[in-house]
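One structure is given here, and the rest of the page talks about it.
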Amino acid sequence: MNYLSTRGQSPKLPFLQILLGGLAPDGGLYLPERYPQFSGAELEFMRDMDYRQLAFTLLSRLIDDIEPDDLRALIDQTYTTQTYSHGRSDSDFSQITPLRRLEDGLFLLELSNGPTLAFKDMAMQLLGNLFEYALEQAGQDINILGATSGDTGSAAEYAMRGKHKVRVFMLSPLHGMTRFQQAQMYSLTDANIHNIAIRGVFDDCQDIVKSVSGDLAYKAKYRIGAVNSINWARVAAQVVYYFKAYFAVTSGEGQPVDFSVPSGNFGNVCAGHIARMMGLPIRKLIVATNENDVLDEFFRTGVYRPRKSAETLHTSSPSMDISKASNFERFIFDLVGRDGAVVSELWRAVENGESFDLNASGQFGRVPEFGFVSGSSSHADRLATIRMAWEKYATMLDTHTADGLKVGLEHREVGVPLVCLETALPAKFEDTIVEALGRKPERPPGLANIEALPQRFEVMDADAATVMAYVAKYADD
Ligand SMILES: *Cc1c(COP(=O)(O)O)cnc(C)c1O
């Protein structure tokens, strides 16, 4: 299987050659040149597989330059009950992504039982093992530089801690994450993990990463890499749980299912799109946004209008506070008939801070063929949904998942099971839970006192040169 770029101007490459990189050389995102197909008897044959078998069956069709035995071992080592058992005490962790029934036809897919209590652990843990394997094979090492407002950075650090040939340098705003999120990251003491707290906001952190990425000589010399949400392996790993959930809520061939997905950078729901393109009978993919509704606006109007970072609102579902959705280009590539020239043209506008409109070309009219619908949620909706789920289903939801349930219910149809993806546990967003319910969420065992653990982080000014000097000092450790 080879991977092509959504801009159509880069050579096709096999999986291992795109694993460690970010964007394709032409600025596009990688996608498989065709989607492997699963249908009928072949799909039914997968129904009783456990998570690891299912992951191997799907991923081995997307990754054919890793020996099957090695790929299987990497998957088996990643998706263990032990790694994914940090959630509610009554969950069936042996399922890796347990399904919780809220009422007839309405389900919560638990994706947040990994070490950092957010769904990003589902893909990032596999990425950690794939990176270590690929670097070992190639005799290389890598220095991962990233910026985080919370969930991505901690998922990356927990996935990469103690890995050979990988060091992580993670920038975070000194103030701006919850105390729990800070404690989660800063309490890691592994030698290959470097937490850098920047005197500034998240955008300052991201600007530093961008400016380092622009310095090609520095990047090459210090082998700088990334683990951001456009990484293809992350999207691929997320395809698996759509299949797992599908089999858990259906009993026979061809039954349709709807999925509701709290969305920011469009990575998670993009995996749903790909699962659907691979033949999974998904009827609707419901894109739920918060007040930062750039995606909802597109799916309602056909106009994609990326916001400036100054226009990005800070909300109580902070992991969805985005101004543009980095993975969205992957879907648009499929929507416009996989024409790289069209995508290049559209993203020339986006990169100039302009919007694009797919009405006149008729391309917006094709969106229903891909099952997408959308909606948005506000702080008041979030609080009301958290209360409703607590009272009606005795289930405590985090703020992002509440956005997903709120929008999902607006699109629910009788007779079609609706699966809402749980993207974080409430323990991560304690203050808003207290605001909604007047009580604190339960902490998974072992994390009760995480704020009291000793912390290790460096504080720096928002200055690229200072960060570059620090990375250079530890890049060969
Ligand atoms: C990252 C994240 C999201 C958004 O996921 P995307 O793949 O960026 O759309 C939603 N909820 C939580 C809790 C997250 O951490």
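Quote the charge dipole size of segment 139-182 about the Cα centre in Debye, to the nearest 20; the model charges only the Cβ of Lys and Arg (+1) and of Asp and Glu (-1).
120
Ignoring ligands, DNA and RNA, please state the percent of accessible area on segment 305-410 from carbon and sulfur, probe 1.4 Å.
The value for segment 305-410 is 52 percent carbon and sulfur by accessible area.
His175 versus Glu354, label points 7 Å from Cα toward the beta carbon: distance in nm?
4.0
Looking at segment 333-387, which GluC sites (Glu not before Pro) are in a loop (DSSP not H, G, I, E or B) and have at most 14 other Cβ atoms within 10 Å?
Qualifying residues, ordered by number: Glu354.
Work out, step by step, the length gained on full extension between Asp70 and Gln9: first 0.36 nm times the residue separation, then minus their alpha carbon distance; give nm to one decimal.
Length gained between Asp70 and Gln9: 18.8 nm.
About the Cα centre of segment 205-337, what is the dipole size in debye to 20, counting +1 per Lys and Arg Cβ and -1 per Asp and Glu Cβ, all else neutral?
With only Lys, Arg, Asp and Glu charged at Cβ, the dipole is about 400 debye.
Let me see the P(r) profile for segment 194-290: every Cα-Cα distance counted, bins of 5 Å, each bin given as a percent of all pairs.
Taking every Cα pair in segment 194-290, the percentages come to 2, 11, 16, 16, 13, 11, 9, 9, 7, 4, 2, 0.
Considering the options Thr301, Pro445, His194, tell which one lies farthest towards the positive end of the dipole of the chain, charges being +1 on Lys and Arg and -1 on Asp and Glu at the Cβ, about the Cα centre.
Of Thr301, Pro445, His194, it is His194.
Which FRET efficiency value, to the nearest 0.05, do you get for Glu33 and Gln206 by plugging their Cβ-Cβ distance into 1/(1 + (r/R0)^6) with R0 = 25 Å?
Using R0 = 25 Å, I get an efficiency of 0.20.
Could you tell me the relative contact order of segment 303-417? Use alpha-carbon pairs under 8 Å, at least six residues apart, and round to a whole percent.
It rounds to 24 percent for segment 303-417.
Per q in 0.27 1/Å, what log10 I(q)/I(0) does a Debye calculation on the alpha-carbon atoms of segment 1-61 return?
-1.05
Which three numbers, in whole Å and largest first, are the semi-axes of the equivalent ellipsoid of segment 358-477 derived from its Cα gyration tensor as √(5λ)?
37, 28, 13
Using a probe radius of 1.4 Å on heavy atoms only, what accessible surface per residue do you get for the chain? Whole Å² is fine.
For the chain, the per-residue accessible area is 38 Å².
Placing +1 at every Lys and Arg Cβ and -1 at every Asp and Glu Cβ, with all other atoms neutral, what dipole size does the chain have around its Cα centre, in debye to the nearest 20?
Once rounded to the nearest 20, the dipole reads 120 debye.
Report the label-to-label distance for Arg366 and Ala380 in nanometres (one decimal), using points 7 Å from each Cα along the Cα→Cβ vector.
Between Arg366 and Ala380, the simple spin-label model gives 4.0 nm.
Hey, with R₀ at 25 Å, roughly what FRET efficiency would Gln53 and Arg101 work out to, going by the Cβ-Cβ distance, to 0.05?
The value I calculate is 0.60.
Give me the one-decimal nm value for the distance between modelled label points at Lys221 and Glu253, 7 Å along each residue's Cα-to-Cβ direction.
A separation of 6.2 nm, rounded to one decimal place.
If DNA, RNA and ligands are ignored and the probe is 1.4 Å, what is the ranking of Ser60, Ser39 by accessible area, most exposed first?
Result, largest first: Ser39, Ser60.
Could you give the semi-axes, largest first, of the ellipsoid that matches the chain, computed as the square roots of 5 times the alpha carbon gyration tensor eigenvalues and rounded to whole Å?
30, 27, 24
Over all distinct Cα pairs, what is the inverse of the mean 1/r for segment 108-221, reported as the Kirkwood hydrodynamic radius in Å?
The answer is 14.7 Å.
Filter Lys120/Lys219; Lys210/Lys428; Lys163/Lys219; Lys210/Lys324; Lys284/Lys440 down to the pairs with a C-alpha to C-alpha distance above 23 Å, please.
Lys120/Lys219; Lys210/Lys428; Lys284/Lys440
Go ahead and run the numbers for FRET between Ala310 and Ser213, Cβ-Cβ distance against an R0 of 25 Å, rounding to 0.05.
0.70
The values are calculated or read from the model by the stated rules, or taken from the named source; none is laboratory data. It should be emphasised that the depicted structure is a prediction, and the values quoted were computed from it without experimental measurement. Heads up, the Cβs are rebuilt from the backbone with ideal geometry, glycines too, and the neighbour counts pull from every protein chain shown. The accessibility values were calculated without ligands, DNA or RNA, using every heavy atom of the protein model including side chains. Shrake-Rupley method; radii C 1.70, N 1.55, O 1.52, S 1.80 Å.
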